[in-house]
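Read through the structure below, which is laid out as structure tokens, and then see the notes.
The values are calculated or read from the model by the stated rules, or taken from the named source; none is laboratory data. Fair warning: this is a prediction, and the values are worked out from it, not measured in the lab. Methodologically, a virtual Cβ is constructed for each residue, glycine included, from the backbone with ideal geometry; neighbour enumeration extends over all protein chains shown.
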């Protein structure tokens, strides 16, 4: 039986996708912020990819300097609000909180960060002004977390910035690819607007960069180019039946869900293929959309799945059933998907092998492939001398995020193969500083 | 069988827990409710000359999530008609003949004192407390602390009162004086039966950052208040000790007042010589029910230690409160960190390095468990005090306990150091970093 009723309205959708980390009220924030020990050289800071001075911003909340608190956060991370809610804090800052060592609940750092940043966003309290114009221009390709962060930092340094975005909304996977119970579209868009209002970077929407001529023009017009292009569509798993109706990629599925909410109709039985965080999200979402049965099928064991345990627990809590050590061999159906044929797997000599004569079929009405996104290989080929590693990631200098083609810098999923929003935020900022240093030495 | 009853200068009470003269004793209703809740006595809110009060009367110090760690008021003595108070006093005594009802008084002339003493005696009061303490409002009219700060005047009024009173008289002292012995001695010389202390401390509890006026703000202005609550306990304890150790004073019983909230506070005041305690802020914060914790804890303490009455241990700490020159210079403790309990906050490290003697070093293996540098540890306790974990840092004795050598003895023996050449002189026995080491992160 489904744990969730099919949402028929926006209200019902919101009910099924209640935020996991709701905004704190003033009293909650006051008491929670009181608990921070203000550790020396705090482990939470080190656990944050952007190195936010967490004890400081918490102390600032406690002394009712909430604007100062938000400034501390944004000084380190341009996506301070988005990261507060979508970061896997349990394995980052909150996981590092020293309270854990005495079984005291760790500080709710993510929610406190949301409290401080939401305060300045909702009251439109500006914290930044663009730097004095230095007459230089930078093109940013992709308005995801890395691109936005890069643009903000560059504006602060006095650069003119134009972001080219293929889709109609900014923020990349933050708005298109993250489970709605982690962050709402409004929250994401409000933060970008808040930053844009202060720093004045331009975003050109629905402007995909697909041709060499476009890049050639950029190379002529701009002093530097930042690549925050992320990953591509869901990759093919290359089995028979993959092109049947109702076989969809997880990224595409989540994007449609985030854009259409309750209007998206989910069939009765859903099988999600994959063991990563996106698979967990997709499965959770299918269940919350009221699917009668949602099965998560992964080819390896539960223990080695890529997803965080808390994400798996979240999916289980939504009524998802986990099926491990099985791999799909064929998707069956006549026009529309009707079943998936699996074979059992086992690890022999550290190699994943299929078990002979262990094939079985599971009927279903929908298959969601969460087996990874394709890399932007075709796009990368448009850029001369761009070094790509064996996993199709752009190679960068880790201190500057400069690529092998000096004019190009890069960050986010395009260089790490797929990680968190917070990693993109860090990369974008680092690249902006790299661009600034490079252009200064050039001049 | 534990007997909590007391005979305080002839005032009998079923237990030593009294409500201090303050807002909680403003009416017969409140006092009857308090007696029902378990209080043994109550000092009626000061009766005297007619007054009017202002709106906004209290302010507080909140420390992190702790409300009212310190509390301040600008309320005057009772503004209710004297005849109402007297009638209610009579009624309280009718229902609670064995509880202690003490009338706090504050008037101006000798005639007024004589008349009001007669009034409260007729109403059935078991004793009188002379309010020579309030540091706000009434002192501007020559009463309260204006008396408490002038020992000669205080003595004269005590003499007037002793002449007129048939019931026991307690003189309540103001702490707003550099030498508490002076008013204490004056009260005893005037013939008082007992002393109570402390009244509130002259204070400004905070300043409003918008109206630029001190708390509590009365239409854009404020005045100094009387400060009390947990924050003042240490100062009160020291003053109680001063009187209880004084040979010309300590034959009269002392009622201890100042930040008492828990049984531990009660026992501490008693160990320093108090034989009744008075409570105000805790009752204002938590209501009269707070007395149950005090009584239960006091009984548990007495049971554990084998005491029958509070007189079995009252004053027991007094012989151990001595002058610095009588402390054993050979006694040596050093901090020890329990590695199993340490959570790695490193607050002890930074407290010691910045605030004490650079006697703690950081972990070199990344586990964040710091270690004590024995040669530098002076046994100051700071690390143990800042440590957030129960019993994680302990102070362990390292001398052999056989030697006793005090500054006083060395003075007598003519062996006090004349230069900084003693083994225990700072910098001799332990390492003090060179100033330039403070800048090592710059290099």
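Points to keep in mind about this one:
- The lone criterion from (1) under 21 Å from residue B:25 (Cβ atoms); (2) touching a helix residue (DSSP H, G or I) at 6+ places or on another chain (Cβ under 6 Å) left unmet by residue B:146 is number (1).
- Reported count of residues in the stretch B:52-62, each being out of contact with any strand residue (DSSP E or B) (no Cβ under 8 Å at 6 or more places or on another chain) and either over 18 Å from residue B:24 (Cβ atoms) or assigned to a strand (DSSP E or B) (or both), is 1.
- Number of the condition not met by residue A:197 [criteria: (1) free of Cβ contacts under 8 Å to residues at least 40 places away in the same chain; (2) part of a helix (DSSP H, G or I); (3) surrounded by fewer than 17 Cβ atoms within 10 Å (Cβ to Cβ)]: (1)
- Residue in the stretch B:19-35 that is loosely packed, with under 15 Cβ neighbours inside 10 Å and either free of Cβ contacts under 8 Å to residues at least 60 places away in the same chain or in contact with a strand residue (DSSP E or B) (Cβ under 7 Å, 6 or more places away or on another chain) (or both) present: yes
- Condition check for residue B:188: under 25 Å from the mean Cα position of the chain (by Cα), buried (at least 22 other Cβ atoms within 10 Å of the Cβ) and part of a helix (DSSP H, G or I): yes
- Restricting the search to helices (runs of 4 or more DSSP H) fully inside the stretch A:17-118 and requiring at least 2 residues that are more than 10 Å from chain B (Cβ to nearest Cβ) and surrounded by fewer than 24 Cβ atoms within 10 Å (Cβ to Cβ) gives A:26-34, A:43-47, A:54-62, A:66-76, A:93-96.
- From B:261, B:248, residue being within 12 Å of the chain's Cα centre (by Cα) and assigned to a loop (DSSP other than H, G, I, E, B): B:261
Per-residue answers, yes or no, for (1) surrounded by fewer than 19 Cβ atoms within 10 Å (Cβ to Cβ); (2) in the same structural domain as residue A:324 (by TED's automatic domain parsing):
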| site | (1), (2) |
| --- | --- |
| A:227 | no, no |
| A:241 | yes, no |
| A:257 | no, yes |
| A:262 | no, yes |
| A:267 | yes, yes |
| A:270 | no, yes |
| A:279 | no, yes |
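- Subset of the stretch A:233-266 [in contact with a helix residue (DSSP H, G or I) (Cβ under 9 Å, 6 or more places away or on another chain) and in a loop (DSSP other than H, G, I, E, B)]: A:233, A:264, A:266
Matching residues to (1) facing another protein chain (nearest Cβ under 10 Å); (2) crowded, with 19+ Cβ neighbours inside 10 Å:
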residue	(1), (2)
B:314	no, yes
B:317	no, no
B:327	no, no
B:335	no, yes
B:339	no, no
B:345	yes, yes
B:374	no, no
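- Listed by first and then second residue, the pairs with beta-carbon distance under 6 Å, at least 6 apart or on different chains, first residue in the stretch B:56-69 and at the interface with chain A (Cβ under 9 Å from one of its Cβ atoms), second surrounded by fewer than 15 Cβ atoms within 10 Å (Cβ to Cβ), are B:65/A:31.
- Top-ranked residue of the stretch B:361-372 - restricted to ones that are within 14 Å of chain A (Cβ to nearest Cβ) and touching a residue at least 24 places away in the same chain (Cβ under 8 Å), ranked as surrounded by the most Cβ atoms within 10 Å (Cβ to Cβ): B:370
- Some residue of the stretch B:150-169 being assigned by TED's automatic domain parsing to the domain that holds residue B:134, buried (at least 18 other Cβ atoms within 10 Å of the Cβ), on the phi < 0 side of the Ramachandran plot and under 20 Å from the mean Cα position of the chain (by Cα): no
- Among the criteria (1) outside any helix (DSSP H, G or I); (2) surrounded by fewer than 22 Cβ atoms within 10 Å (Cβ to Cβ); (3) under 26 Å from the mean Cα position of the chain (by Cα), the one residue B:45 does not fulfil is (2).
- Qualifying residue in the stretch B:271-279 (condition: at pLDDT 95 or above and part of a helix (DSSP H, G or I)): yes
Each row is one residue, and each column tells you yes or no for (1) in a loop (DSSP other than H, G, I, E, B); (2) surrounded by 24 or more Cβ atoms within 10 Å (Cβ to Cβ); (3) within 14 Å of chain B (Cβ to nearest Cβ); (4) within 18 Å of the chain's Cα centre (by Cα).
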| position | (1), (2), (3), (4) |
| --- | --- |
| A:121 | no, no, no, no |
| A:130 | yes, no, no, no |
| A:146 | no, yes, no, yes |
| A:152 | no, yes, no, no |
| A:163 | no, yes, no, no |
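- Checking each residue in the stretch B:199-248 for being crowded, with 20+ Cβ neighbours inside 10 Å, touching a residue at least 40 places away in the same chain (Cβ under 8 Å) and more than 18 Å from residue B:59 (Cα to Cα) picks out B:236, B:239, B:240, B:241, B:243, B:244.
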